[in-house]
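Colleague: Pasting a structure below so you can have a look.
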Amino acid sequence: MKKKTYNKKERQYKRKVRLLRSLLCIIFILIVSFLLLKSTREKKTIILNVSEEMEMESSMNKQDYVNNDISWKKTLVNRWNPIPQNYPLQVVKVKGGERVDKRIYEPLMKMLNSAKAEGFDPRVVSGYRTEDEQKAMMNEKVAVFQQQGYSYNEAKNHAEKWVAIPGTSEHELGLSVDINGVSYGIYQWLQENSYKYGFIFRYPDNKKEITGVEEEVWHYRYVGIDAAKDIYEGNISLEEYLGELNSK
């Protein structure tokens with residue numbers, strides 16, 4: 001009788017333990033679900049805040065575009081000078097599917113063909129972007145830095161060193177292209193020859209305090225042959241070139 005009584009108590013104890021474990025599992029699942037839901041909501045809020053802030057920043061100081069045959073080539077766009085309102089744009093596709101302003105298509109093709117004749121294989125990997133596409137790039141870059149442990153503000157500051165604030169990117173003008181090749185030699189060739197076709201090496205390392213952008217050896221901007229020649233020979237940035245023009 002004592003043995004049977006002991007077994008019955010043991011079974012009751014085991015049932016209680018199983019019940020307790022089940023309750024603990026349910027509580028754990030509920031806690032994890034709550035944390036995941038909270039994290040998702042916070043992430044959406046962060047992305048929304050990024051977009052809202054960028055929209056506010058890109059809309060500041062916008063000026064109406066003055067339309068003439070010369071000004072479009074020398075339109076200054078950087079973090080302090082947003083794209084002018086009513087800026088005219090008609091894009092065409094280049095080989096590979098990227099788009100550029102129709103007005104730079106011919107000189108761009110001449111430059112790429114010349115590089116190809118020299119044994120390089122240049123490719124346009126990025127051309128015109130809409131403001132929404134630029135916002136998406138910024139959001140992605142901010143998220144990358146946040147995943148590395150930076151706070152939102154820190155991540156945003158780091159991201160802006162590498163990705164232009166939407167509304168302030170030359171890619172939104174359609175006048176800039178990012179060019180890559182199978183060898184690093186293409187960048188050297190572009191730095192030495194792009195001005196002959198009206199393009200400039202837009203973001204050299206020694207001008208980043210002026211341009212507000214870290215060095216991008218792949219980024220070239222069309223300004224016209226005359227301006228490109230002056231910028232190349234003077235070893236100056238577009239900002240410095242336009243500043244000299246305005247001071248005359």
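Colleague: Given a Förster radius of 45 Å and the C-beta distance between Ile31 and Asn180 as r, what FRET efficiency does 1/(1 + (r/R0)^6) yield to the nearest 0.05?
Modeller: 0.40
Colleague: Could you list Glu160, Glu172, Glu214, Glu154 in order of exposure, starting from the residue whose Cβ has the fewest other Cβ atoms within 10 Å?
Modeller: The order, fewest Cβ neighbours first, is Glu214, Glu154, Glu160, Glu172.
Colleague: A further question follows. Quickly rank 119-128, 226-235 as a protection proxy: mean count of other C-beta atoms within 10 Å, highest first. It would help to have the intermediate numbers written out before the result.
Modeller: Details: 119-128: 17.9, 226-235: 15.9.
Result, highest mean first: 119-128, 226-235.
Colleague: Could you calculate the contour length gain from Glu215 to Ala117, that is, 0.36 nm times the residue separation minus the distance between their Cα atoms, to one decimal place in nm?
Modeller: 32.6 nm
Colleague: Let me know the charge dipole size of segment 124-212 about its Cα centre in debye, to the nearest 20, where only the beta-carbon of Lys, Arg (+1) and Asp, Glu (-1) is charged.
Modeller: On the way: 9 positive and 12 negative charges, 33 e Å.
Here segment 124-212 has a charge dipole of around 160 debye.
Colleague: With a 10 Å radius around each residue's Cβ, average the other Cβ atoms per peptide and rank 185-196, 138-149, 82-93, highest first.
Modeller: Numbers: 185-196: 17.5, 138-149: 15.9, 82-93: 14.4.
The packing order, highest mean first, is 185-196, 138-149, 82-93.
All of the numbers you see were taken from the coordinates with simple rules; none came from a lab. Just so we're clear, the structure is a prediction, and the values are computed from it rather than from any experiment. For neighbour counting, all protein chains shown are included, and Cβ atoms are generated from backbone atoms with ideal geometry for every residue, glycine included.
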